[in-house]
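Remarks on the structure that follows.
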Amino acid sequence: MVVRSVEEMEGKQVYELWVKAWNEDLSVLDEMVHPECVVHQARTDGKSSEEARGPAALKGMIADAGAFFSDVKMTVTTGPIEEKGYISARWQFNGVYNGKMPGAKAETGKIVRFHGMDMFWLEEGRIREYWVSSDGIDLMKQLQLF
């Protein structure tokens with residue numbers, strides 16, 4: 001499928017690029033994310049999801065999430081579903097724990113899997129707002145944080 005500009009992309013194409021950003025190429029975010037994009041995310045690291053905007057916010061989020069894992073792979077399990085400027089999907093995160101998370105007792109090399117859901121609001125074919133909800137409790141159990 002050939003797309004001439006980001007404004008011409010359908011939501012499902014935007015989501016395909018989002019998965020590509022997670023799995024292989026963060027640079028795709030430069031074109032597909034609005035400069036004023038806001039990430040709405042519950043965080044346990046004390047950072048505010050309002051600190052950064054635009055492509056840098058999403059790149060930072062992916063980098064933060066991947067800092068403790070190698071062989072990261074995000075796969076879509078449901079969707080994407082598109083309606084009235086919104087796109088959403090359910091995903092599965094897979095990664096190999098690198099042993100570097102403070103407080104985690106899981107063994108280095110442990111394969112970790114957990115699920116979550118994304119919702120984007122698109123403006124002119126670009127991500128303008130992003131909501132993410134993931135099963136952090138499952139992740140923390142796997143990493144033996146409690």
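The values are calculated or read from the model by the stated rules, or taken from the named source; none is laboratory data. Keep in mind that this is a model prediction, so the values were computed, not measured. All Cβ positions, glycine included, derive from the backbone under ideal geometry; neighbour counts span all protein chains shown.
Within the stretch 75-119, which residues are of a type in the set (A, V, I, L, M), out of contact with any helix residue (DSSP H, G or I) (no Cβ under 7 Å at 6 or more places or on another chain) and not in a loop (DSSP other than H, G, I, E, B)?
So in the stretch 75-119, the residues of a type in the set (A, V, I, L, M) come out as 76, 81, 87, 89, 96, 101, 104, 106, 111-112, 117, 119.
Narrowing the set further to residues that are out of contact with any helix residue (DSSP H, G or I) (no Cβ under 7 Å at 6 or more places or on another chain) leaves 81, 96, 101, 104, 111, 117, 119.
Answer for the stretch 75-119, where residues must be of a type in the set (A, V, I, L, M), out of contact with any helix residue (DSSP H, G or I) (no Cβ under 7 Å at 6 or more places or on another chain) and not in a loop (DSSP other than H, G, I, E, B): 81, 96, 111, 117, 119.
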TODO: Give the stretch 51-110 a look and list any residue that's within 23 Å of residue 10 (Cα to Cα), basic (Lys, Arg) and exposed (fewer than 14 other Cβ atoms within 10 Å of the Cβ), or say none.
DONE: 84
Task: Residue among 145, 122 that alone is surrounded by 14 or more Cβ atoms within 10 Å (Cβ to Cβ) and more than 24 Å from residue 16 (Cβ to Cβ) - done: 145
TODO: Take residue 94 and decide whether it is out of contact with any Gly (no Cβ under 8 Å at 6 or more places or on another chain) and touching a residue at least 24 places away in the same chain (Cβ under 8 Å).
DONE: no
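Does residue 7 count as modelled with pLDDT of 80 or more and either in contact with a strand residue (DSSP E or B) (Cβ under 9 Å, 6 or more places away or on another chain) or among the charged types (D, E, K, R) (or both)?
Details: modelled with pLDDT of 80 or more: no; either in contact with a strand residue (DSSP E or B) (Cβ under 9 Å, 6 or more places away or on another chain) or among the charged types (D, E, K, R) (or both): yes.
Criteria not met by residue 7.
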Open item on the list: For the structure I just gave you, tell me whether residue 63 is within 19 Å of residue 16 (Cα to Cα), under 12 Å from the mean Cα position of the chain (by Cα) and assigned to a strand (DSSP E or B).
Closed with: no
Open item on the list: Criterion first (closer than 30 Å to residue 82 by Cβ, in contact (Cβ under 8 Å) with a residue 12 or more places away in the chain, outside any helix (DSSP H, G or I) and not polar (S, T, N, Q)) does residue 138 satisfy it?
Closed with: no
Open item on the list: One residue is enough: does the stretch 38-54 have a residue meeting the conditions within 25 Å of residue 92 (Cβ to Cβ) and modelled with pLDDT of 95 or more?
Closed with: no
